[in-house]
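The values are calculated or read from the model by the stated rules, or taken from the named source; none is laboratory data. Since this is a predicted model, take the numbers as computed values, not measurements. Virtual Cβ from ideal backbone geometry, glycine too; neighbours counted across all protein chains shown. For the accessible areas, the whole protein counts, side chains as well, though only heavy atoms, and no ligand, DNA or RNA atoms are used. Shrake-Rupley method; radii C 1.70, N 1.55, O 1.52, S 1.80 Å.
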Amino acid sequence: MADSGNSAVDYRPNKGSLPSGTDFGCTLEELRSLMELRGPEAVTKITNDYSDVKGLCERLHTSPTNGLRCSSGTFDLDRRRQVFGKNVLPPKKPKTFLQLVWEALQDVTLIILEIAAIISLGLSFYRPLGNKSSSSCTGSEDELENEGEAEAGWIEGVAILLSVVVVVLVTAFNDWSKERQFRGLQNRIESEQKFAVVRDGNVVQVPVGELVVGDVAQVKYGDLLPADGVLIQSNDLKLDESSLTGEADQVRKDVVTDPMLLSGTHVMEGSGRMLVTAVGVNSQTGIIFILLGTCDAEEDKTKKKKGKKCEPAVSAVEAGRNKGKAADGAAPEEMETLRGNERAETEESSKKVRSSTTKKEKSVLQGKLTKLAVQIGKAGLVMALVTVVILIIVFVIDTFGTHGLPWQKTCTPIYIQYFVKFFIIGVTVLVVAVPEGLPLAVTISLAYSVKKMMKDNNLVRHLDACETMGNATAICSDKTGTLTTNRMTVVEAYMVEVHHKKIPTPNDIPEVTLDILVNGISINSAYTTKILEPEKDGGLPRHIGNKTECSLLDLVKKLSRSYEAIRSEVPEESLCKVFTFNSVRKSMSTVVRMPNGGYRLYSKGASEILLKKCTHIMGDGGVARPFHSREREDIVLHVVEPMASNSLRTICLAFRDLPESISLDDEPSVVSNLTCIAIVGIEDPVRPEVPAAIKMCQRAGITVRMVTGDNVNTARAISVKCGILNNQDEFLVMDGKEFNKRIRNKDGEVDQKLLDDVWPKLRVLARSSPTDKHTLVKGIIDSKACPQRQVVAVTGDGTNDGPALKKADVGFAMGIAGTDVAKEASDIILTDDNFTSIVKAVMWGRNVYDSISKFLQFQLTVNVVAVIVAFTGACITQDSPLKAVQMLWVNLIMDTLASLALATEPPTEALLRRMPYGRDEPLISRTMLKNIFGHAIYQLVIIFTLLFAGEKILDIDTGRNAPLHAAPTVHYTVVFNTFVMMQLFNEINARKIHGERNVFDGIHRNPIFCFIVLGTFVLQVLIVQFGGKPFSCVPLSLDMWLWCVFIGIGELLWGQVIATVPTNKLPFLGAVSRGASASLPPPSDDDEEEDEIDHAERELRRGQILWFRGLNRIQTQIRVVRAFRSGLNERHNYKNSLDHFQSNADEPPSADNSDVDEGSSLLNAPGPCSTSTELDLNSAERAAAAAAVSTKPGEASSGLPANESTS
């Protein structure tokens, strides 16, 4: 980092009463300058100034082994924060409420309305010379206008301005509350992040924000470093510094060559301890963030100068982040494959990437809403322009043609007032037509869902992931911890050439073998992994760290030994070499020095992999003997595979004594010629709630696949227990090697066509690497084997899962077992690591989609009616039946209030009883269109009846053809009030979008909806009774109110009529629904049954099926009677004939029954994207009906199930 760059963000603590940096033997500036050095230069600086890292620890008053002393209180920690700063990056200042108001005022339609209102307001004070009235200027004899009403003409302009102010304030308040919720979410995410530090000799987890300079932090595989530091001790430590440097290659760190660790970098391998030397804004990441923040703040003032200065920093960071994405986590061998696979893809899409900075493509809902909003906006603009043009033409023809009046200069302001009035009517049509409430509805729905999802153990990091999850068609899940409890226990063991079905006692194992076994387990595991006493009496011991290692440490305790005593004899600093676990090795090995000279290697890992490296095995008496390949095969066949078939994870434990002369960096030669100590079988029970959750997924049309690093047999056994596989299913279970053989061509490259032959039937991928996982996810997403693009969710916990998590549409990281890198790459964090939380995420995602659809169904009904009423009324009566202020009130109802009411509906399990909507399905379904058009017809008939015949029906004065500043009339007030009442009750109808009859179902679970509906009704009463001239209303009598409410209630009754009309009887709806996606083929009836639920049609179909079943049973009874009669004639053949009848009733369809065979093949033949576990609720009914129709008179129906045909 350049000096000039650092000086730009120089951080100096406040002076005065605060202690100076000299209290610690080194200042803040010294530490910052130290952290700018790299490699040998940094080592030289430390050696010259502090002699070594321990000297630096002394200067900072900390211990390299015991850390800070905190037993005396928090005074020392507070003092360090005052001198060296807090480990917090100050957030950018949020926009003030006034700024949000100003942004809301930038809306084009509101600006037009404001200008029109101001012009109207100014002209309302003008009076023509000679006391001319508007009637003398326009020639309309029936336009009688009293002087008092003319003088009150300014009220309409003021009312419009006040309405605009209300709309702006509501919009600004919504934006402000949204910003607050987002910041709360960010704070929640940050508070969840913790880091391991040593204080008072104990390893404790502290929030990242509480780290201080002088802390000794434990660094391990998968960590995202939260502060800068200097390495104290390391074991095979490798970091990915691409986020800072842009270099994707992993950097090896050790005390001798390069001890500098930087915040924001990822630990890819190994472990160690570091001394924290810079935090917050003084760390390297903090310096860059402050630079970026400075650029943002000054960008408006000096764009050119500051822009040029800051551009390199931004570019470097962005390049680092982009390269960091490609290199997130995979081991070197795997990353080469990933880079090779993605290179072509990156080159092809480089142009697109330059123009887009988004992480992923637009979410399903965002894309559909954008299209819809643009189309509706264009239609609204056209309608508004046509309305204005027609009004002006009719006015001109009527005034200067029909009445033959000349243009009078003194009447020009009157003419302008009329034109402004027409213009305001056109703008109000546009305001009502444009669905500006859509973004608000989406925001409210997502924010509400995200807040509630936190209670369901889903911490959402990217808002769009919430609704994308609702469209998920495939879930690729890990096994350990997600489908299983992650509470591992050793239950079987193969030791001393004996397969123990239970844990052996110490007496069953020779002393030599037992010592080697216990030492190997205690030393060859992360020292941060430990077993603590239970928090409550009678509870289970607490497992801290890696769960597999915890199960082995538990085995040590069951063998009456202490792993703590061994670790105290062999501290972590004394370990000579550690080959940490990664997905390539699938093993971990540790080298220690022996007291009598030489080294000893302890190793543990996947049994079938580590056994291949064993040349000896511990036999009777604790003596190692040669281990031949035939014996190895026998052990795999008779020990490993039976354990795996019982859902046990098998781990091989081995050791080797090494000579002094061997090079410990030569891993292949070190980890070879091993001696097998034991093979253990570790049980990880399936979570009890998982099978039901997977069944719900399958019923919801979501395919669940298990992608695990475990043995094939173990994975298969677990998948059967979970319900992913059934014994009758013909799905694929394979390991990583077989998977790669099937999907790669002769050149070793992934072939999408070959992959398309594999993934639809693949359910379990075992012994898979992160590369395999990434390939599978990418292949499913890119596949065109299905009519619609698959939406894939992926779970991951390891650093190497980063590429797959980022490639997936929704990436789930494990909150407990997941590494920081995996969490950083994910969209949602599962705080309980439980698969059922994913199912809840699906439910919430679908609920978001349905909430937006409900709002759309309601808003589009209002749009259609309001626009047609305003347009038709204006063209016929030269005035809109709904005034501008009334339109704005209606707009407020359908935008802010309706979005809040309909977007906060809680989810139900009914959401999981249908198929996913699909990425290419239209946002507005045919059932929704039926509801929109159906309710629009009802409302238009009512409004036009009241508009043109209301004065006769209700015996009131007409309000049509009123003069320019006429007083409000009862007639138009009834029209307005009835219109609002119909919207209010139609809002209740909009709660159901799939044709359900009971629109009140679950309404008590949404108090927000009830409160808003009642509140809107109360406000409407106040507006009508006390609104007066500003709202163009007059108080209504009780009779009039009852009529308005009665017509509104009619909406609920009309909704029941609409629900009885089957959607498939209205074929034109399909073409309208698909209008947004003209390139798609027209939907067939089968598509409708799969993609959309139409309850009216289903009820009709059920009635038909009951009829067919009744007919079948009558036919069956006739056969019984015939058989009985034939038995009376031939008693000796009675028994045979009855047996024959019963056998025919239960047999499957005959080969010559072409109708049944054809129907069943169409229903049951698995397509490339179908699964036998995905349930279509209508399939059985269609099959039953088809079988019933095809049954000939006098024959039993073989197409029905046995229990139906014999009942």
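Brief remarks follow.
- The one condition in (1) hydroxyl-bearing (S, T, Y); (2) open to solvent by 10 Å² or more (accessible area, probe 1.4 Å); (3) over 18 Å from the mean Cα position of the chain (by Cα) that T861 fails to fulfil: (2)
- Filter result for R649 (in contact (Cβ under 8 Å) with a residue 60 or more places away in the chain, open to solvent by 20 Å² or more (accessible area, probe 1.4 Å) and either among the basic types (K, R) or in contact with a Gly (Cβ under 6 Å, 6 or more places away or on another chain) (or both)): yes
- Total residues in region 639-678 satisfying the condition of being among the aliphatic types (A, V, I, L, M) and either at positive phi or more than 42 Å from the chain's Cα centre (by Cα) (or both): the figure is 10.
- In region 445-470, the residues that are among the hydroxyl-bearing types (S, T, Y) and open to solvent by 40 Å² or more (accessible area, probe 1.4 Å): Y448
- Positions within region 701-731 being farther than 24 Å from K586 by Cα and part of a strand (DSSP E or B), in sequence order: T703, V704
- Taking region 556-609 as the range and being at positive phi, in contact with a helix residue (DSSP H, G or I) (Cβ under 7 Å, 6 or more places away or on another chain) and either open to solvent by less than 50 Å² (accessible area, probe 1.4 Å) or modelled with pLDDT under 90 (or both) as the test, only K586 passes.
- Among the residues of region 875-906, those identified as closer than 23 Å to K452 by Cα and buried (at least 24 other Cβ atoms within 10 Å of the Cβ) are D895, A898, S899, A901, L902, A903.
- Residue that is surrounded by the fewest Cβ atoms within 10 Å (Cβ to Cβ), among those in region 197-226 that are touching a Gly at 6+ places or on another chain (Cβ under 8 Å) and among the small types (G, A, S): G201
- Qualifying residue in region 492-509 (condition: of a type in the set (S, T, Y) and touching a Lys or Arg at 6+ places or on another chain (Cβ under 8 Å)): no
- Being in a strand (DSSP E or B), crowded, with 18+ Cβ neighbours inside 10 Å and not charged (D, E, K, R) is a description that applies to Y494.
- Checking each residue in region 1018-1061 for being free of Cβ contacts under 8 Å to residues at least 60 places away in the same chain, touching a helix residue (DSSP H, G or I) at 6+ places or on another chain (Cβ under 6 Å) and open to solvent by less than 30 Å² (accessible area, probe 1.4 Å) picks out Q1020, V1024.
- Residue match in region 953-971 (condition: open to solvent by less than 10 Å² (accessible area, probe 1.4 Å) and outside any loop (DSSP other than H, G, I, E, B)): yes
- Count of region 59-81 residues which are loosely packed, with under 15 Cβ neighbours inside 10 Å and part of a helix (DSSP H, G or I): 2
- Tally of residues being open to solvent by less than 20 Å² (accessible area, probe 1.4 Å), of a type in the set (A, V, I, L, M) and closer than 21 Å to S1037 by Cα across region 931-952: 3
- Condition met for K612 (within 46 Å of the chain's Cα centre (by Cα) and part of a strand (DSSP E or B)): no
- On inspection, R846 qualifies as open to solvent by less than 10 Å² (accessible area, probe 1.4 Å) and of a type outside the set (F, W, Y).
- Residues of region 710-720 classified as within 12 Å of T480 (Cβ to Cβ), modelled with pLDDT under 90 and either surrounded by fewer than 24 Cβ atoms within 10 Å (Cβ to Cβ) or β-branched (V, I, T) (or both), total: 1
- Subset of region 256-290 [among the acidic types (D, E) and over 32 Å from the mean Cα position of the chain (by Cα)]: D258
- Checking each residue in region 721-731 for being surrounded by fewer than 18 Cβ atoms within 10 Å (Cβ to Cβ) and more than 14 Å from S645 (Cβ to Cβ) picks out N726, Q728, D729, E730.
- Looking only at region 405-424, residues that are open to solvent by less than 40 Å² (accessible area, probe 1.4 Å) and among the hydrophobic types (A, V, I, L, M, F, W, C) come to 5 in all.
- I743 open to solvent by less than 30 Å² (accessible area, probe 1.4 Å), farther than 20 Å from F812 by Cα and free of Cβ contacts under 8 Å to residues at least 40 places away in the same chain: yes
- Residue among T945, T958 that alone is at pLDDT 90 or above and of a type in the set (V, I, T): T945
- Total residues in region 732-764, condition part of a strand (DSSP E or B) and not β-branched (V, I, T): 6
- Put simply, of G539, G481 the only residue that is assigned to a loop (DSSP other than H, G, I, E, B), over 26 Å from L653 (Cβ atoms), out of contact with any Leu (no Cβ under 8 Å at 6 or more places or on another chain) and not aliphatic (A, V, I, L, M) is G539.
- Out of L446, L430, L459, sole residue that is aliphatic (A, V, I, L, M), modelled with pLDDT under 80 and within 13 Å of the chain's Cα centre (by Cα): L446
Yes/no matrix, rows are residues, columns are (1) at pLDDT below 90; (2) closer than 20 Å to N711 by Cβ; (3) open to solvent by less than 60 Å² (accessible area, probe 1.4 Å):
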| residue | (1), (2), (3) |
| --- | --- |
| H616 | no, no, no |
| G619 | yes, no, yes |
| P626 | no, no, no |
| M643 | no, yes, yes |
| S663 | yes, no, no |
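- Residue selected from region 815-834 under the condition under 14 Å from the mean Cα position of the chain (by Cα) and not hydroxyl-bearing (S, T, Y), by the criterion most open to solvent (accessible area, probe 1.4 Å): K823
- Any hit, region 7-24, residues being modelled with pLDDT of 85 or more, part of a loop (DSSP other than H, G, I, E, B) and touching a helix residue (DSSP H, G or I) at 6+ places or on another chain (Cβ under 6 Å): no
- All of (1) open to solvent by less than 10 Å² (accessible area, probe 1.4 Å); (2) out of contact with any Cys (no Cβ under 9 Å at 6 or more places or on another chain); (3) over 21 Å from V498 (Cα atoms); (4) touching a residue at least 60 places away in the same chain (Cβ under 8 Å) hold for I682 with one exception: (3).
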